[in-house]
Every structure is written in C-alpha cells, then in structure tokens.
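Chemist: Please find one structure pasted underneath; my questions will follow.
The values are calculated or read from the model by the stated rules, or taken from the named source; none is laboratory data. On a predicted model such as this, the values are computed, not experimentally measured, just so you know. Every residue, glycine as well, gets a Cβ built from its backbone with ideal geometry; the counts of neighbours run over all protein chains shown. Please note that ligands, DNA and RNA were not included when accessible areas were found on the heavy atoms of the full protein model with its side chains. Shrake-Rupley method; radii C 1.70, N 1.55, O 1.52, S 1.80 Å.
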Amino acid sequence: MDERDRAEEHLRVIRTLMERATIYRAISAPTALAGGVIAITLTAIIWIREHHWAERAPEVMRHISTRGFASLWLGGLAIVIALNTFFVWRKAQRDGRPFISSGMKLALRSILPCLVFPAATTIWFFYDGYEFDNELLLVRIWIGFYGLALIATQHFAPRSLVWLGWAFLATAAAMMVASRQLEYYATPLVPNLAMGATFGLYHLIYAACVWRSPVQPGSE
C-alpha cells in the first residue's frame, strides 16, 4: 500500500468513526458509570480504613502503604478495562463487526502514546518512588495523561468525551500549580480524594449527562 492509499484508508477509518460517535458515546456511558462507582468505592474504603486505624493506632502516620494505595487503584483500573472490553465486544457482536476493527486500531494508536509516560512512572513508583511518598506525583500524572488520552481522540470521538478529557487535564494542571498547598496535608488523604473526585465524580457526572441524552446534529 503506497502513501496515497494509506492516507485514503486513514481518512475512511476516521470518517467511519465519526459516523459511529453516538454509538461509542453509548458504550462510554456504562463504562464511565462503572468506573465512577468503582473509584468512589475505593476512595471510601481507603478513607474509612485510614480513619479506623488512626483511631486505634494514632502514633502511626499511615496504615495503607504507598504501594498498597497504588495497587488498589490499578486493580480498579483492571476491572474497568475488562468491563469496557466486554461492552465493546458485545456491541461488535450485535452489529456483526469484527471486535478488533480498523477503527479500534486507529483509536489505540491515538491513545497509546499518552500512556507511555504514566506507565513508566508507575513502574518507577513501584521500584523505588514509593519510598518518598510520591503518591501525589503519581496521581497527578495519572489524571493528566488520562485527560490527554481522551483529548487525543478528538478527531473521531464524541465531543462530550473530549470535554471530559479537558476536565481531567485542567484538574491535573491545577494540582501542579497548588503542589505546595496540597503537600501540606497528610498522605494519602489528598491523592485519595483527588482520585475519587476525578475518576469517580467526573465519570459519574459524564455518565449522567450522556446516558440516553438526545444527540443534536453536529454535536458529536
């Protein structure tokens, strides 16, 4: 395939994805709902456990290790990815389309570059970054680059999903500006609340806004 044919194929895939934007928004709503519920639940579990043990052993500054904190959230991410994969697979089966389509490959190529740095940061965190209570740094990178990954799909994704990405990116930027103020509070209070507010509350708001909402011409 020469460059011209490759470019035409690329444009065809983008056009197809844009035509299916409403379908993808319908898939993203239950995923966002599940992700929001899981994030809020994790935030509550960590909060309750920290307060419970703080009352029983107040001399200990923290009761969930930094690695434990990150592991809990990565476990929640794995569940959400599995649910989203199931939703996409079920929709493809109903429509008689291949699960790994050219559209999915294009979407993955757009998103993956935004995931390289947070993946490397997570590996560094588990290797030796955890020793310095770098949860706040890790959380800011997770939030910011997740927002960038959503924004990277702006040429073919629903506009509502792109706005969600900007909300994540703006929150990460605000957290970076207010680093000194946030670091004043005890770890993991702020990182835990930040994860609950973004991956929890933002996703619930998104799901509530787009679930079965009418689509205006040109809004996607």
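Chemist: Report, by residue number, each residue of the stretch 111-122 that is open to solvent by 50 Å² or more (accessible area, probe 1.4 Å) and either of a type in the set (Ser, Thr, Tyr) or not in a helix (DSSP H, G or I) (or both).
Modeler: Answer for the stretch 111-122, where residues must be open to solvent by 50 Å² or more (accessible area, probe 1.4 Å) and either of a type in the set (Ser, Thr, Tyr) or not in a helix (DSSP H, G or I) (or both): just LEU112.
Chemist: Just checking, does the stretch 123-133 include any residue being surrounded by 19 or more Cβ atoms within 10 Å (Cβ to Cβ), aliphatic (A, V, I, L, M) and either in contact with a Ser or Thr (Cβ under 6 Å, 6 or more places away or on another chain) or assigned to a helix (DSSP H, G or I) (or both)?
Modeler: No: zero hits.
Chemist: Can you give me the number of residues within the stretch 146-163 that are in contact (Cβ under 8 Å) with a residue 60 or more places away in the chain and either over 16 Å from THR31 (Cβ atoms) or among the aliphatic types (A, V, I, L, M) (or both)?
Modeler: The total comes to 5.
Chemist: For residues in the stretch 148-158 being of a type in the set (A, V, I, L, M) and assigned to a loop (DSSP other than H, G, I, E, B), which is surrounded by the most Cβ atoms within 10 Å (Cβ to Cβ)?
Modeler: ALA157
Chemist: Give the residue that is nearest to TRP142 (Cα to Cα), with candidates limited to residues of the stretch 79-127 that are β-branched (Val, Ile, Thr) and touching a residue at least 40 places away in the same chain (Cβ under 8 Å).
Modeler: Ranking the qualifying residues of the stretch 79-127, first place goes to THR122.
Residue-by-condition table, conditions (1) modelled with pLDDT under 75; (2) part of a loop (DSSP other than H, G, I, E, B); (3) under 16 Å from the mean Cα position of the chain (by Cα):
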{"site": "LEU33", "(1), (2), (3)": "no, no, yes"}
{"site": "GLU55", "(1), (2), (3)": "yes, no, no"}
{"site": "THR85", "(1), (2), (3)": "no, no, yes"}
{"site": "TRP89", "(1), (2), (3)": "no, no, no"}
{"site": "ARG109", "(1), (2), (3)": "no, no, no"}
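Chemist: Looking only at the stretch 84-110, filter to residues that are within 21 Å of ILE151 (Cβ to Cβ) and touching a helix residue (DSSP H, G or I) at 6+ places or on another chain (Cβ under 9 Å); which one of those is most open to solvent (accessible area, probe 1.4 Å)?
Modeler: Filtering first and then ranking leaves LYS105.
Chemist: From the list LEU161, LEU201, LEU182, LEU169, which one is over 18 Å from the mean Cα position of the chain (by Cα), open to solvent by 20 Å² or more (accessible area, probe 1.4 Å) and at pLDDT 80 or above?
Modeler: On inspection, the qualifying residue turns out to be LEU182.
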